[in-house]
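**Q** I'd like to ask some things about the structure below.
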Amino acid sequence: VDVIPNSIVLAQAANESGWGTSRFARDFNALFGQYTYDNNSGIKPAYREEGKKHLIKFFPTINKSIESYFNNINTHIAYYDFRQVRKHIRENNLSLDPNILIKTLSGYAEDQSYTDIIISIIRDNQLTQYDNIETI
């Protein structure tokens with residue numbers, strides 16, 4: 001488990017939760033739109049495509065949502081490239097560039113422009129100013 005730049009975390013939370021206005025964020029503390037197939041820990045999306053079976057994970061607190069997101073990025077096979085790029089950056093004593101790391105997260109959402117959207121949110125809201133803060 002290692003650091004995820006705050007700018008990425010904030011941008012993904014903003015995007016995935018509709019800037020905190022989504023039903024999942026408001027009612028279920030779900031900031032990151034994480035999928036689950038467990039009926040005991042998920043809510044059916046109102047507009048799920050026919051044939052799809054995923055649920056959106058819900059949480060007792062916002063902190064648990066964030067903890068689950070960090071665990072997801074740091075362990076799930078889908079984000080292996082993220083971890084490898086981050087490892088390479090660290091081994092070469094470079095700063096964690098969110099623009100480089102985000103490109104490895106294209107599988108986080110089905111939208112083909114997902115990474116461009118996240119980069120845009122970071123840029124437009126100057127979120128990199130939070131990257132060197134240990135806690136937000």
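The values are calculated or read from the model by the stated rules, or taken from the named source; none is laboratory data. Values in this document were obtained by computation on a predicted structure and should not be read as measured data. Reconstructed Cβ throughout: ideal geometry from the backbone, glycine too, with neighbour counts over all protein chains shown. Accessible surface areas use protein heavy atoms only, side chains included; no ligands, DNA or RNA. Shrake-Rupley method; radii C 1.70, N 1.55, O 1.52, S 1.80 Å.
**Q** Answer rounded, prolate or oblate for region 10-57, using the Cα gyration tensor with square roots of eigenvalues a ≥ b ≥ c: rounded when a/c is under 1.5, else prolate when a/b is larger than b/c, else oblate.
**A** Judged from the Cα gyration tensor, region 10-57 comes out prolate (a/c at least 1.5, a/b above b/c).
**Q** Something else: For the chain, with every protein chain kept in place, what is the accessible area per residue (1.4 Å probe, Å²)?
**A** On a per-residue basis, 62 Å².
**Q** Report in % the part of the accessible area of the chain that belongs to carbon and sulfur, leaving out ligands and nucleic acids; probe 1.4 Å.
**A** 49 percent
**Q** Now for a separate question. All other residues with a Cβ under 15 Å from the Cβ of Ala30 taken together, and with Lys, Arg as +1 and Asp, Glu as -1, what is their net charge?
**A** Net of charged neighbours comes to +2.
**Q** Using a Förster radius of 30 Å, what is the FRET efficiency between Val1 and Gln112 based on their Cβ-Cβ separation? Nearest 0.05, please.
**A** 0.55
**Q** Can you give the FRET efficiency for Trp19 and Asp97, using 1/(1 + (r/R0)^6), R0 = 22 Å, r = Cβ-Cβ distance, to the nearest 0.05?
**A** 0.35
**Q** Taking 0.36 nm per residue of separation and subtracting the Cα-Cα distance, what length does fully extending Asp27 through Ile43 add?
**A** Roughly 4.7 nm would be gained on extension.
**Q** Moving on to the next point. Grab every C-alpha pair in the chain, bin the distances at 10 angstrom width from 0 up to the longest one, and report whole percents.
**A** For the chain, the pair-distance distribution reads 12, 42, 36, 10, 1.
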